[in-house]
2 protein chains.
Amino acid sequence: MRSAEMIELWRGDMRESLHRGHAIICDAHGVVEAWGKPSQVIYPRSSCKMIQALPLIESGAADAAGLTDRQLALACASHSGAALHVQGVGGWLQGLGMAESDLRCGSHMPRDPAENKRLTCSDESPCQLHNNCSGKHAGFLTLNRHLKGGAEYVAPDHRVQQAVKAAFEEVTEETSPGFGIDGCSAPNWACSLEGLARAMARFANPGQDRRGQAMQRLVDAMRAHPELVAGEGRSCTALMRAMGGAVAVKTGAEAVFVAILPQQGLGVALKITDGATRASEAAITAILIHLGVLEAGDPVAQAYLNGPIRNWRGMVTGSLRTSPGFPS
Amino acid sequence: MRSAEMIELWRGDMRESLHRGHAIICDAHGVVEAWGKPSQVIYPRSSCKMIQALPLIESGAADAAGLTDRQLALACASHSGAALHVQGVGGWLQGLGMAESDLRCGSHMPRDPAENKRLTCSDESPCQLHNNCSGKHAGFLTLNRHLKGGAEYVAPDHRVQQAVKAAFEEVTEETSPGFGIDGCSAPNWACSLEGLARAMARFANPGQDRRGQAMQRLVDAMRAHPELVAGEGRSCTALMRAMGGAVAVKTGAEAVFVAILPQQGLGVALKITDGATRASEAAITAILIHLGVLEAGDPVAQAYLNGPIRNWRGMVTGSLRTSPGFPS
């Protein structure tokens, strides 16, 4: 069993490039549909932020700090570093009596065009609040204060990361084969793609127990605040808006994408083998259309799949399409 | 025969992403070494600009216009739109009695950080001179003036593009199966990867005839002016400098890369199936090391292959490596 042909870039009458990958749809009982290899081991990267946020709620830390749904959405976000994200995380830290310097995510220029331009043209450096993972790290700091842990909360053996690992292995129902260091310096635990899809199905079918309630709060927060989970013009935000908040979706670096469909009780996880975001966005769009929660004709859907690709003079040069055997 | 595993992104102890592709090395007699499928049909995109520039010289248009090696290098370039590129092409058009408005390449923001910042912070729009293909188009305009053709020189049936097609089919020794419209609006003719590598081998073994002399001039111009072929921090410029101008290399969109090795009499062409530039840069680096023209320990080589990948806090997270069976 190997990867499946999924997304093709066509130019003129010829397929110019091809993206292979693995995609799994699970319900509460297991795999419903699969393309490629369910046992493929991957790093979920940022696609598992809602899993990494479970201990924040289950420990009681979120309630002790009085976190709002907006803050929970930021904890699950890979945000654009726009003013609302930077202020949201900055205010959160202030409420904890902490500062940007307590973060361990590092700094990078924000994707948000306005904030990027502001920093560029004022020769100002970005701060750690601009890091797309700063909300997740504010969540780590909130949990860490509750657990009274040490300052270096991204160390793999730190109690915060061990709590994340425990939750991750429980919801994926797997013992993780190991971790890699993520762009934000936190350990990112590996799992099979089926394990990740299984976890997303659990978020889509939350029980009434403590974990189920935590899953429900996180999914509701993501669906209620798509603008906080990513940002204007970003796929997670645009796709969640296009589906009217019925579905939660989250991307991860190196072309991972997950979806949580509460009304259908389904969880989706996919990984494009080569790590291309254009292909993971097209593939999750194809699956959401396939599952009947996104209209193929929706302008947002067409922006990621099947819509015309135009060059600098507006001429149509080609399009991104699904491969035969992968839903379009 | 299918694509070969070529470049792998490793994170922690695990392969996170994989890039497959095709790569061919030819000498004057044909294929010397191949990975993947030599018959794979591709769009060479910008990797064939030195082929597209042949009619410019062979027609006598270049000499009639008194073009310098710097202008010939710009004709083969996918430049960064830095001041030296914009001024170089602008001066060229002025010398022809033409203007930026005669170009048909369209405009996009330049890659060059300084020029990009200047435009961004002055709210100035980029012009067609900033287009990475503006030098190729200045070459088209120079040929067009010589041929007394119509203004719409990018039309596939225009005599300029027909002259380009004829040269392309002659040096690839193939009848092109067709064309796609490139980002710069010019038709980009398809060929097999073997055909492209064969053409590069001809550039590496130019005869004394008119075509051989034209090939020699273009390769010499590229090797003499690596800063004009791409720009500071770009792979073509950095790799040509690292090899002391002994080898000409050129990238193309969707992960095509070619190399011309005159001293070895070899031509190289490769295409990463998924179109990822990080992988085409790593793969051409691996092949140049394999052919003994680039030191594996050279900082430039390590920037594209095997060097540590660091995150926002400088922590090493992984590296790009060659797959087993592909040279490293």
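Values quoted throughout were computed directly from the atomic coordinates according to the rules given, and no laboratory measurement underlies them. Because the structure is a prediction, the values reported are computed rather than measured. Counting neighbours? That spans all protein chains shown, and the Cβs are built from the backbone with ideal geometry, glycine included.
Over the Cα atoms of the protein assembly as shown, how large are the radius of gyration and the largest Cα-Cα distance (Dmax), in Å?
26.1, 83
What is the average number of partner chain Cβ atoms found within 10 Å of a Cβ in A:5-18?
For peptide A:5-18, the averaged partner shielding equals 5.
In peptide A:37-50, how many Cβ atoms from other protein chains are near each Cβ within 10 Å, on average?
Mean partner shielding for this stretch: 1.
Any idea how far the Cα center of segment A:143-157 sits from the one of segment A:217-235, in Å?
26 Å
Which whole number gives the average, over all residues in B:236-246, of C-beta atoms from other chains lying within 10 Å of the residue C-beta?
Going residue by residue through B:236-246 and averaging, the value is 0.
With a Förster radius of 41 Å, plug the Cβ-Cβ distance of A:Met98 and B:Ser328 into 1/(1 + (r/R0)^6) and report the FRET value to the nearest 0.05.
The pair A:Met98/B:Ser328 has a calculated efficiency of 0.35.
What ranking do B:261-270, B:22-31, B:292-301 get when scored by the average of other Cβ atoms within 10 Å per residue, highest first?
B:261-270, B:22-31, B:292-301
Using θ = phi - 60° and the Karplus form 6.51 cos²θ - 1.76 cosθ + 1.60, what ³J(HN,Hα) does each residue of segment A:181-189 get, whole Hz, x for Gly and Pro?
Running phi through 6.51 cos²θ - 1.76 cosθ + 1.60 with θ = phi - 60° gives 8, 7, x, 8, 6, 7, x, 10, 7 Hz.
For segment A:83-164, what's the relative contact order in percent, using C-alpha pairs closer than 8 Å and at least 6 residues apart?
28 percent
Does a label point 7 Å from the Cα of B:Arg241, set along Cα-to-beta-carbon, have any residues of segment B:304-328 with amide nitrogen under 17 Å, and which are they?
B:304-305
At 7 Å along the Cα-to-beta-carbon direction for both A:Ala151 and B:Thr68, put a label point, then send me their distance in nm to one decimal.
5.7 nm
Hey, which lysines would be in cross-link range of B:Lys148, C-alpha to C-alpha under 24 Å, not counting anything within fewer than 8 residues on its own chain?
Straight-line reach from B:Lys148, under 24 Å: B:Lys49, B:Lys136, B:Lys165.
Checking a compactness column here: for segment A:1-96, what do you get for Rg(Cα) / (2.2 N^0.38 Å), N being the number of residues?
Rounded to two decimals, the normalised Rg is 1.58.
Report the net charge of residues surrounding B:Tyr153, where surrounding means a beta-carbon distance below 15 angstrom and charges are Lys +1, Arg +1, Asp -1, Glu -1.
Every neighbour counted, the sum reads +2.
Taking the Cβ of A:Cys76 as the centre, find all other residues whose Cβ is under 10 Å away and add up their charges (Lys, Arg: +1; Asp, Glu: -1).
+3
How big, in percent, is the set of alpha carbon pairs in segment B:176-299 lying more than 22 Å apart?
35 percent
Sorted from shortest, what are the nm distances separating the label point of B:Ala64 from equivalent points in the other copies, each placed 7 Å from Cα along Cα to C-beta?
8.3
Enumerate the lysines that A:Lys117 could reach by cross-link, defined here as Cα to Cα under 21 Å, with residues fewer than 8 away along the same chain left out.
Cα-Cα hits under 21 Å: B:Lys117.
Compute the relative contact order of chain B as a whole-number percentage, counting only Cα pairs closer than 8 Å that sit 6 or more residues apart in sequence.
It rounds to 24 percent for chain B.
Take B:Met14 and B:Ala83, extend 7 Å from each Cα along the Cα→Cβ direction, and tell me the distance between the two endpoints in nm.
That separation, rounded to one decimal, is 4.9 nm.
Based on the Kirkwood radius over alpha-carbon pairs, what value in µm²/s does the Stokes-Einstein equation return for the translational diffusion coefficient of chain B at 10 °C and 1.306 mPa s? List each step's numbers first, then the result.
Details: Rh = 19.9 Å.
The estimated diffusion coefficient comes to 80 µm²/s.
Can you tally the net charge around A:Gly292? Count Lys and Arg as +1, Asp and Glu as -1, for every other residue whose Cβ sits under 14 Å from the Cβ of A:Gly292.
Net of charged neighbours comes to -3.
What base-10 log of the normalised intensity I(q)/I(0) is obtained for segment A:51-186 from the Debye formula, alpha carbons as equal point scatterers, at q = 0.09, 0.10 Å⁻¹?
Values returned for q = 0.09, 0.10 Å⁻¹ are -0.26, -0.32.
Treating the point 7 Å from Cα along Cα-beta-carbon as the label, what are the nm separations from A:Gly245 to the other copies, to one decimal?
6.5
How far, in nm to one decimal, is A:Cys127 from itself in the other copies if the label point is set 7 angstrom along Cα toward Cβ? Shortest first, please.
Listed shortest first, these distances are 4.1 nm.
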